[in-house]
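Encoded as structure tokens, the structure appears first; notes follow it.
The values are calculated or read from the model by the stated rules, or taken from the named source; none is laboratory data. Here the structure is a predicted model, which is why all the values come from computation and not from measurement. Heads up, the Cβs are rebuilt from the backbone with ideal geometry, glycines too, and the neighbour counts pull from every protein chain shown. In case anyone asks, the SASA skips ligands and DNA or RNA and just uses the protein heavy atoms, side chains included. Shrake-Rupley method; radii C 1.70, N 1.55, O 1.52, S 1.80 Å.
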Amino acid sequence: MSTAGHRYQVRSRVERYRGRIFDVVTDEVTMPGGGTALRDCARHPGAVSVVALDEAGRVVLIRQYRHPVGRHLWELPAGLLDIAGEDPAAAAGRELAEEADLNAGRLDVLVDVHSSPGFTNELVRVFLARDLTEVPVGRRHGRAEEEADLQIVQVALDEAVEMVLAGEITNAATVAGLLAAARARDGGWTALRRAGTPLPR
């Protein structure tokens, strides 16, 4: 018997943890066949990430300490969608300026990534930023905590893809964004979506 049309509904929810960035809940969810099952879920506001590509075909990578994995990771400029009502494209521009001291003259959507849908609803929208200019020195964002020791580099897009395939880049949104950017470039940028495209629901 096919269960493709089953609607998974939340019968009850228990909040286990409320944090600054995410909350953890246990949901009782209806299953095909009439039963229910408990599912733990980290509820997340979502995030944006940016492949900033200059005229020479180089992308910005940031090396940042990530405590859950206990080491520094190479990543794209990125940040949370934690300001109520903020447009994702505006958030991407803000994070690019804060983390890489760059403004983008043009933003397009590259790819949307559910980072780990087995336990969290986090969705990361990855933008392609072009027509880059530097943020004036006097207007640059002050960096604190883990951001205080950010290492910022620019590497050729193809070199960044090689880093992905060599296992040197493991951040999910960064992997997806770099591979999507290379594919989009090779296709003449015809697959890009406009910056205001609604998020997947």
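Which whole-number value in Å² is the accessible area per residue of segment 1-98, probe 1.4 Å?
Per residue, segment 1-98 has 59 Å² of solvent-accessible surface.
Just to make sure I understand: if all protein chains stay in place, what is the order of 24, 14 by accessible area at 1.4 Å, largest first?
Largest to smallest exposure gives the sequence 14, 24.
Residues with beta-carbon under 14 Å from that of residue 169, excluding residue 169: net charge, scoring Lys, Arg +1 and Asp, Glu -1?
Cβ neighbours under 14 Å give a net charge of -2.
Can you pull the percent of the chain's accessible area that's carbon plus sulfur, 1.4 Å probe, other chains left in place?
49 percent
Order the peptides 173-179, 7-13 from the highest to the lowest mean number of other Cβ atoms within 10 Å of their residues.
Listed from highest to lowest mean packing, they are 173-179, 7-13.
At q = 0.11, 0.14, 0.16 Å⁻¹, what log₁₀ I(q)/I(0) does the chain have when each alpha carbon counts as one equal point scatterer in the Debye sum?
At q = 0.11, 0.14, 0.16 Å⁻¹ the computed log10 ratios are -0.58, -0.87, -1.07.
Can you tell me the accessible area per residue over segment 160-201, all protein chains present, probe 1.4 angstrom, in square angstrom?
Accessible area per residue: 58 Å².
For the chain, what does the helix formula give at 222 nm: sum of -39500 (n - 2.57) over DSSP H segments with n ≥ 4, over the residue count, nearest 500 deg cm²/dmol?
My calculation for the chain gives -6000 deg cm²/dmol from helical runs alone.
Order 114, 6, most accessible first, counting only protein heavy atoms with a 1.4 angstrom probe.
Result, largest first: 114, 6.
What order do you get for 123-133, 160-170 when each peptide is scored by the mean count of other beta carbon atoms within 10 Å, highest first?
Ranking the peptides 123-133, 160-170 by packing returns 123-133, 160-170.
Please work out whether segment 7-96 counts as rounded, prolate or oblate from its C-alpha gyration tensor, where a ≥ b ≥ c are the square roots of the eigenvalues and a/c under 1.5 means rounded, while otherwise a/b larger than b/c means prolate and anything else oblate?
Prolate.
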